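A short write-up of the structure that comes next.
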């Protein structure tokens, strides 16, 4: 028994040692391989070829026939003041160099580097990158007056990361100051920066990229369009035949009572045919004629509701400037902007933005909750006609509910 006990202890410690040894082993790849004692200078890459693209180039080569090579190093100046280095492991035959400021010739110096960190003789290759993406985008940038601000549009056909930096004259400093920085890879860029009075002001915008390259600045003088929040005390329910019935006492007037918690506007699936089902519709007057600029919507929040249940997902805003507009025809759940039904015109189709966290609906987090509690802005197409009556038509919901709801709505525009 004593020998068996000693054998068991020895076996236990051997297993423990083996477990520790396995746990201590970490995968090493890339450039973290053990150093070599071979201090000889490695041979250079050969058969070098260049494939240029916008702002950069792919360089292919043949590695020297040696197991002592660790990586290939490319060293290059991208704009006359910044020298970049890029590495590519010995497993690859291509290295990518990018971030060049202009479409012109640049020298790239290639080295092979051994496991002992010994560099080869240099091999210099000339690359001719095509026009950098930030310059392509800059050629398409436009600034235009918008409600309480400026509208910015640009095309980013290659969908690469760029930054659009908006400047505006600051009367306090007497200088053009940065007002907004929008970093995006969207192909069709279209957004507005607001918060300015209806007074002429100098604006400017330039485009940058992740390597610090900066375009020239587009400068314009613009007068932001006047905008005000439409007075909710002047709103009134229209009660059209094709409107959805109210559910649970959550009447349409709750849509403009100034409360984002508590009761909102809630439809009922009990609406008689032919007006039941999608879309869920509510109609109201806004007091007088406005050219609408934007509006803000608030979802119903809470773990059981945010981005699920009956919260609106896709919707259409219809408008009319006719006195006592008719509404006997059921609105379509899908229609193009400009479609006319009875006395109503489709002012815009909208999608409530997906959860910012990227989590699936019904599994959202506190950041998503905070996002919807702050209210979400939607921009009315600039060419939409002026109206004094509104219909909100919920075309789809975030959950599988058969009743839709919205907590609050604020509307902005210019009185006519």
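The values are calculated or read from the model by the stated rules, or taken from the named source; none is laboratory data. Fair warning: this is a prediction, and the values are worked out from it, not measured in the lab. In this analysis, Cβ positions are derived from the backbone assuming ideal geometry, glycine residues included, and neighbour counts consider all displayed protein chains.
General observations
- Matching residues, region 143-186, being assigned to a loop (DSSP other than H, G, I, E, B) and under 17 Å from residue 206 (Cα atoms): 156, 160, 161, 185, 186
- Matching option when the condition is over 15 Å from residue 281 (Cα atoms), more than 24 Å from the chain's Cα centre (by Cα) and modelled with pLDDT under 95, among 321, 383, 363: 383
- Residue under evaluation residue 158, criteria (1) surrounded by fewer than 18 Cβ atoms within 10 Å (Cβ to Cβ); (2) out of contact with any helix residue (DSSP H, G or I) (no Cβ under 8 Å at 6 or more places or on another chain), criterion not met: (2)
- Residue in region 230-260 that is nearest to residue 391 (Cα to Cα), counting only those that are touching a helix residue (DSSP H, G or I) at 6+ places or on another chain (Cβ under 9 Å) and loosely packed, with under 13 Cβ neighbours inside 10 Å: 239
- Screening residue 364 on (1) without any contact (Cβ under 8 Å) to a residue 12 or more places away in the chain; (2) in a loop (DSSP other than H, G, I, E, B) shows it passes everything except condition (1).
- One residue from 136, 70 being more than 22 Å from residue 210 (Cα to Cα) and in contact with a strand residue (DSSP E or B) (Cβ under 9 Å, 6 or more places away or on another chain): 70
- Any hit, region 120-142, residues being at pLDDT 95 or above, within 25 Å of residue 226 (Cβ to Cβ) and in a strand (DSSP E or B): yes
- Any hit, region 401-410, residues being assigned to a strand (DSSP E or B), more than 23 Å from residue 270 (Cα to Cα) and in contact with a helix residue (DSSP H, G or I) (Cβ under 9 Å, 6 or more places away or on another chain): yes
- When each of 323, 309 is tested for being outside any strand (DSSP E or B), touching a residue at least 60 places away in the same chain (Cβ under 8 Å) and out of contact with any helix residue (DSSP H, G or I) (no Cβ under 8 Å at 6 or more places or on another chain), the lone residue that passes is 309.
- Considering region 54-108, the qualifying strands (runs of 3 or more DSSP E), each wholly inside and each with 3 or more residues that are farther than 16 Å from residue 132 by Cα, run over 56-62, 69-77, 83-89.
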